[in-house]
Amino acid sequence: MTMTFRTTALVAATLLTAACGGPSADLYPVAAPQVTDTIRISYSTVEVRDVSLPAYAAADEIAIEDEDGKLVTDANVRWADSPERAVALEIARNLARLSGARVASEPWPFEEFPDARLEVRFESLVAGADGNFRGSGQYFVGVPDGRRERSGIFELAVPYDPEGGIPALASARGKLVLDLSRIIAREGLR
């Protein structure tokens, strides 16, 4: 009987703790920057097949570089969406708006296969202590019909105001992904 009482008390305490909750995390979305330009590409359908980020950038916690180059996170300050999923969706949205093509992230939702498949591999994606949100890496465009496949290296920086806090760096990340989308459209999907 004592074991049953202890088990019941433990379950009740756990449920009470869960119901009260601990400190909730602040969630920060990345707003879509306005796309005003148009870039003609050579494909009518494009799949954003994969976006890979370094471990610190793929984590939900927002990493910020300090003056010593150390990446600092706070468990209560998080991205509103999984970063790899969010960046893939951002690239797909940006490419669709820039080109007018039918673009979707993996898994490809249409019956007919895409004309081109895009993979993006980030080496870095971080808010720097210097007030620049930086991203570098490579992109790869695969095509199944024998046309020329392409790849490219990118290294981008978008300034942000560190005094603006997390909303400022989230806006900078959105602009960096749009800049990358422009490069991919101009150089990788032409």
*So what's the convex hull volume per residue for the Cα atoms of the range 53-162, in Å³?*
124 Å³
*Keeping the other protein chains in place, figure out the carbon and sulfur percent of the accessible area of the chain, with a 1.4 Å probe.*
52 percent
*asked:* At 222 nm, what value in deg cm²/dmol follows for the chain if DSSP H runs of at least 4 each add -39500 (n - 2.57) and the sum is divided by all its residues, to the nearest 500?
replied: -10000 deg cm²/dmol
*List every residue whose amide H lies under 5 Å from the amide H of GLU123, counting only residues 5 or more places away in sequence or on a different chain, with H placed 1.01 Å from N in the peptide plane.*
SER136, GLY137, GLN138
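Put GLU84, GLU187, GLU47 in order of accessible area, largest first, 1.4 Å probe: what do you get?
Values: GLU84 65, GLU187 95, GLU47 10 Å².
Output order, biggest surface exposure first: GLU187, GLU84, GLU47.
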*Using θ = phi - 60° and the Karplus form 6.51 cos²θ - 1.76 cosθ + 1.60, what ³J(HN,Hα) does each residue of the range 144-153 get, whole Hz, x for Gly and Pro?*
x, 9, x, 5, 5, 7, 9, 8, x, 10
_Check: the chain dipole with +1 on Lys, Arg Cβ and -1 on Asp, Glu Cβ, in debye_ = 580 debye
*List, in order, the whole-Hz ³J(HN,Hα) value for each residue of the range 161-178 obtained from phi through the Karplus relation with A = 6.51, B = -1.76, C = 1.60 and θ = phi - 60°; use x for Gly and Pro.*
8, x, 5, x, x, 4, x, 5, 6, 5, 5, 5, 4, x, 5, 5, 5, 5
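Please list 50-57, 122-129, 167-174, 65-72 highest first by mean number of surrounding beta-carbon atoms within 10 Å per residue.
Values: 50-57: 17.5, 122-129: 19.4, 167-174: 20.9, 65-72: 10.9.
The packing order, highest mean first, is 167-174, 122-129, 50-57, 65-72.
How many Å² of accessible area per residue for the range 59-190, probe 1.4 Å? Don't jump to the answer; show the numbers that get you there.
Details: 6570 Å² over 132 residues.
Each residue of the range 59-190 exposes 50 Å² on average to a 1.4 Å probe.
Viscosity 1.002 mPa s, temperature 20 °C: Stokes-Einstein D of the chain from its Kirkwood Cα radius, in µm² per second?
Details: Rh = 18.5 Å.
For the chosen part, D equals 116 µm²/s.
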*Normalised by the number of residues in the chain, what is the relative contact order in percent for Cα pairs under 8 Å and 6+ residues apart?*
25 percent
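The values are calculated or read from the model by the stated rules, or taken from the named source; none is laboratory data. In this text the structure is predicted, and so the values were computed from the model without any measurement. When we count neighbours, we look across all protein chains shown, and the Cβ atoms used for this are built from the backbone with ideal geometry, even at glycine. Heavy atoms of the whole protein, side chains included, go into the accessibility calculation; ligands, DNA and RNA do not. Shrake-Rupley method; radii C 1.70, N 1.55, O 1.52, S 1.80 Å.
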